[in-house]
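Engineer: Quick one: the structure is below, and I'll ask about it shortly.
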Amino acid sequence: MKSFKELFQSEAHLHSNFIPTVSLKLKDHSYTLNLKFSAKDVISEASYNGKANPWFSSLCELVQGKSLHEALHINWKNWDEAFKSDQSYWEFKQDQQLEVFLSALELLKATLDVYRGRDFLYQPTSPLICRCFGIREADITDHLKSQKDPSLLTIASSLKAGMGCRSCVKELKRALMLHSPKIRQRVYKDKPMADWILEIDYMLTCFPEALDWKMQLDSFKGKQVVISFAKDVSQREEEEVAGRLQLFLSAGVDDGLGFFLRRDRQRSKNAE
């Protein structure tokens, strides 16, 4: 694959020289995505119409050869893995993250929805809740009705909603509250300590640096949660990750809790 910087000027995937199986341009987008599927639901070719754009060019590279199921689960991690040694990618990504949603990924999810027949031209479309995984309000409602004891964990496990950029978590909590007064009480009032610990532990495993930094729940007193780590990092790195950890866990667990990072020097020493 070309470097991310080269993709900025690349026209390899601009315009289609094939007849697409599905092609879509959203009302608020200036790009059109074209996908050609094989008889086995594998994307054999991909292109886009619009100005040369590294995100759309790299998306076309990433989806080619992917099955429908694999394409439905493409997210930031696929880009991170494909360009992990490419410094230009990380520079582009830093700027892109300020925009909250990746346009190319949003258009991909919508195009795949059309291919699956989930969106109909003459019927109202259920509002999109999780843009990272293309999960709509109707999907959430169906899940809540099918579960005896639905929660953020069951939604994440079954639908992947809330596991991407995390901006939809508040909407997921709202859906849980509206679904049942019992859920409203459990989410926003007192909850057994064991439930809190299990929920925090689970969400911590989803945080990008948790494994590499050897993070673990250290203490939970009042509304203060301390997460210890055992990686040797600079003070600047620690402060930057601590800020992201607070945003990540408060969105996924409870925005009334404070999450703090603490260096575990004993574990760090033992690791050496």
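Yes/no per residue for (1) buried (at least 17 other Cβ atoms within 10 Å of the Cβ); (2) modelled with pLDDT of 85 or more; (3) in the same structural domain as V42 (by TED's automatic domain parsing); (4) of a type in the set (G, A, S):
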position: H69; (1), (2), (3), (4): no, yes, yes, no
position: I74; (1), (2), (3), (4): yes, yes, yes, no
position: F92; (1), (2), (3), (4): yes, no, yes, no
position: A156; (1), (2), (3), (4): yes, no, no, yes
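Engineer: Using beta carbons and a limit of 8 Å, which pairs, at least six apart or on different chains, have the first residue in region 232-250 and outside the structural domain of F207 (by TED's automatic domain parsing) and small (G, A, S) and the second one in a helix (DSSP H, G or I) and surrounded by fewer than 17 Cβ atoms within 10 Å (Cβ to Cβ)?
Structural biologist: none
Engineer: Answer with yes or no whether S30 is among the polar types (S, T, N, Q) and at pLDDT 90 or above. Break it down stepwise before answering.
Structural biologist: Numbers: among the polar types (S, T, N, Q): yes; at pLDDT 90 or above: no.
Spelling it out, it is not the case that S30 is among the polar types (S, T, N, Q) and at pLDDT 90 or above.
Engineer: Also, quick follow-up: Does S219 satisfy the criteria of being modelled with pLDDT of 90 or more and more than 22 Å from the chain's Cα centre (by Cα)? It would help to see each step written out before you state the result.
Structural biologist: On the way: modelled with pLDDT of 90 or more: no; more than 22 Å from the chain's Cα centre (by Cα): yes.
Against the criterion (modelled with pLDDT of 90 or more and more than 22 Å from the chain's Cα centre (by Cα)), S219 does not qualify.
Engineer: Restricting attention to region 244-264, and to residues there that are buried (at least 17 other Cβ atoms within 10 Å of the Cβ) and modelled with pLDDT of 75 or more, which single residue is nearest to the chain's Cα centre (by Cα)? Spell out the reasoning first.
Structural biologist: In the first step, residues of region 244-264 are kept if they are buried (at least 17 other Cβ atoms within 10 Å of the Cβ); the result is 245-246, 248-254, 259, 261, 264.
From what is left, the residues that are modelled with pLDDT of 75 or more are 245-246, 248-250, 259, 261, 264.
Working: L245: 15, Q246: 17, F248: 12, L249: 14, S250: 16, F259: 21, L261: 23, D264: 29 Å.
Ranking the qualifying residues of region 244-264, first place goes to F248.
Engineer: Related question: What are the pairs, 6+ residues apart or on separate chains, where a residue within region 211-227 that is in contact (Cβ under 8 Å) with a residue 24 or more places away in the chain has its Cβ under 6 Å from a residue that is surrounded by 11 or more Cβ atoms within 10 Å (Cβ to Cβ) and in a loop (DSSP other than H, G, I, E, B)?
Structural biologist: Between residues of region 211-227 that are in contact (Cβ under 8 Å) with a residue 24 or more places away in the chain and residues that are surrounded by 11 or more Cβ atoms within 10 Å (Cβ to Cβ) and in a loop (DSSP other than H, G, I, E, B), the close pairs are W213/K231; K214/A230; K223/L257; V225/L257; I227/M215.
Engineer: Which of the numbered conditions does S167 fail, given that it passes all the others? Conditions: (1) surrounded by 17 or more Cβ atoms within 10 Å (Cβ to Cβ); (2) in a loop (DSSP other than H, G, I, E, B); (3) modelled with pLDDT under 80.
Structural biologist: Just one mismatch for S167, condition (1).
The values are calculated or read from the model by the stated rules, or taken from the named source; none is laboratory data. Note that this is a predicted model, so its numbers are computed, not measured. All Cβ positions, even for glycine, are placed from backbone atoms using ideal geometry, and neighbour counts span all protein chains on display.
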